[in-house]
Amino acid sequence: MTEAIYLDRSDAREFEATVERVADDRVVLDRTLFYPEGGGQPNDTGTLATGGDGWRVTDVQKTDTIYHTLDGDPPDPGTTVTGELDWERREVHMRYHTAQHLLSALLLDEYDAETTGNQLYADRARIDCGYDRFSETDLADITARMNELIERSIPVEWYELDRETAEETLDPDRTRIHLLPDSITEVRIVEVGDYDRTACAGTHVSNTDAIGEFTATGRETKGPEEERLSFELSP
């Protein structure tokens, strides 16, 4: 099983690993910084290199383990490679993902609107939540409140708890641990100061001041009492 070092080292850009297995144009590494697509966050891209040879990492997916899709004939098992992330892509995903956590907490606290889904992109994001209908005034208020929170420079931390302890001690409306498969016994918690604490396996910035300026750009109805909010970040 690949060691998911991206879970602890969100700020790292380069790593060394060994190719454990090859499956067509995909390789399995013994450890990786490449984030596999999941939880509304797109996969990382970048490069693998060894000696004078190099490959683009075009896709990363997690099934039984983490598979890295390459743009050419992959290196043989046992090869030591250096991986490097496309940092601009990773960084913007971390900013949007952290903003989504902050927004989910804000919507729950101030609108009693629980998050039901989200999707991040390189230049925008959206969040689905249980709410009747947001007004233009709501969008302006959400934008103002989000930027107030971001400017507070709230530290963002992540750590693991055993599932039983997490279920006994953390707020289920925020952590949403009940959505996780029963097979998961260790839960990774992402904590935004004392404002939000939830289960998440994504990557995040270490302080809200790295998120940038938030703008709620629109809303649409997605069904009975469900709204979709779109937002963008600027540096």
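The values are calculated or read from the model by the stated rules, or taken from the named source; none is laboratory data. Computed from a prediction, not measured in an experiment: that's the story for all the values here. As a convention, Cβ positions derive from the backbone with ideal geometry for all residues, glycine included, and neighbour counts pool all protein chains shown. Keep in mind that these areas ignore ligands, DNA and RNA; they rest on the heavy atoms of the full protein, side chains included. Shrake-Rupley method; radii C 1.70, N 1.55, O 1.52, S 1.80 Å.
Could you state the angle between the C-alpha long axis of helix 87-111 and the longest principal axis of the C-alpha atoms of the chain, as a value from 0 to 90 degrees rounded to the nearest 10?
30 degrees
Give me the number: length gained by fully extending Leu180 to Glu110, i.e. 0.36 nm times residue separation minus the C-alpha to C-alpha distance, one decimal in nm.
Here the answer is 22.7 nm.
Taking a ≥ b ≥ c as the square roots of the eigenvalues of the Cα gyration tensor of region 135-235, is the shape rounded (a/c under 1.5), prolate (a/b larger than b/c) or oblate? Spell out each step's value before the answer.
Values: a/c = 2.50, a/b = 1.45, b/c = 1.73.
Oblate, since a/c reaches 1.5 and b/c is not below a/b.
With every protein chain present, what accessible area does Thr63 have (1.4 Å probe, heavy atoms only), rounded to the nearest 10 Å²?
Around 100 Å² of this residue is reachable by solvent.
At 1.4 Å probe size, what's the solvent-accessible area of Tyr121? Round to the nearest 10 Å².
Accessible surface of Tyr121 is approximately 80 Å².
Rg (Å, one decimal) plus Dmax (Å, integer) for the alpha carbons of region 24-139?
Spelled out, the Cα radius of gyration and Dmax of region 24-139 are 18.4, 59 Å.
How high is the FRET efficiency between Asp24 and Glu88 when r is their beta carbon distance and R₀ equals 22 Å, given to the nearest 0.05? Show your work: numbers first, answer last.
Numbers: r = 29 Å, r/R0 = 1.30.
After rounding to 0.05, the efficiency reads 0.15.
When the chain is treated as a GNM, springs tying every alpha-carbon pair under 10 Å, which of Asp44, Asp128, Asp194 comes out with the largest mean-square fluctuation?
Highest fluctuation among the options: Asp194.
Order these peptides, 94-107, 132-145, by their mean beta-carbon neighbour count within 10 angstrom, highest first.
Numbers: 94-107: 23.3, 132-145: 14.5.
Averaged packing, sorted descending, gives the order 94-107, 132-145.
Indicate the gyration tensor shape class of region 46-92 (rounded, prolate or oblate), computed on the Cα atoms with a ≥ b ≥ c the square roots of the eigenvalues: a/c under 1.5 is rounded; otherwise a/b larger than b/c is prolate and the rest oblate.
Details: a/c = 2.00, a/b = 1.20, b/c = 1.66.
Oblate, since a/c reaches 1.5 and b/c is not below a/b.
Using a 1.4 Å probe over the heavy atoms of the protein chains, calculate the carbon and sulfur portion of the accessible area of the chain as a whole percent. List each step's numbers first, then the result.
Numbers: 4770 of 11350 Å².
Here it works out to 42 percent.
Under 1.5 on a/c is rounded, so check that first for region 87-168, then, if it is not, pick prolate when a/b is larger than b/c and oblate when it is not; a ≥ b ≥ c are the square roots of the alpha carbon gyration tensor eigenvalues. Mind showing how you got there, number by number?
On the way: a/c = 1.60, a/b = 1.17, b/c = 1.36.
Oblate, because a/c is 1.5 or more while a/b does not exceed b/c.
Just how far, in whole angstrom, is region 142-198 from region 59-137 if you go by their alpha carbon centroids?
A separation of 16 Å, based on Cα centres.
Under the rule of -39500 (n - 2.57) per DSSP H run of 4 or more residues, summed and divided by the residues of the chain, what mean residue ellipticity at 222 nm is obtained, to the nearest 500 deg cm²/dmol?
Values: 4 runs with 52 residues, N = 235.
Mean residue ellipticity, 222 nm, calculated: -7000 deg cm²/dmol.
Return one whole number: the accessible area per residue of region 169-235 in Å², for a 1.4 Å probe.
On the way: 3360 Å² over 67 residues.
It amounts to 50 Å² per residue over region 169-235.
Among Gly83, Gly51, Gly130, whose mean-square fluctuation peaks in a Gaussian network model of the chain (Cα, cutoff 10 Å)?
Result for the chain, Cα springs under 10 Å: Gly51 fluctuates most.
Whenever you get a sec, line up Lys222, Lys62 from highest to lowest accessible area (probe 1.4 Å, protein heavy atoms). Walk me through the intermediate numbers first.
Working: Lys222 90, Lys62 115 Å².
Of Lys222, Lys62, the descending order of accessible area is Lys62, Lys222.
Once label points are set 7 Å from the Cα along Cα→Cβ at both Glu16 and Thr165, what is their separation, rounded to one decimal in nm?
3.3 nm
For the chain, take the longest principal axis of its alpha carbons; what is the angle in degrees between that and the long axis of helix 136-151, to the nearest 10 within 0 to 90?
60 degrees
So for each of 200-211, 149-160 I average, over its residues, the number of other beta carbons within 10 Å; can you give me the resulting order with the highest mean first? Write down the numbers at each step before the final one.
Working: 200-211: 20.3, 149-160: 15.1.
Order by mean packing, descending: 200-211, 149-160.
Find the accessible area per residue for region 3-120; the probe is 1.4 Å, ligands and nucleic acids are left out, and the unit is Å². All intermediate terms of the calculation are to be shown ahead of the outcome.
Details: 5010 Å² over 118 residues.
Per-residue value: 42 Å².
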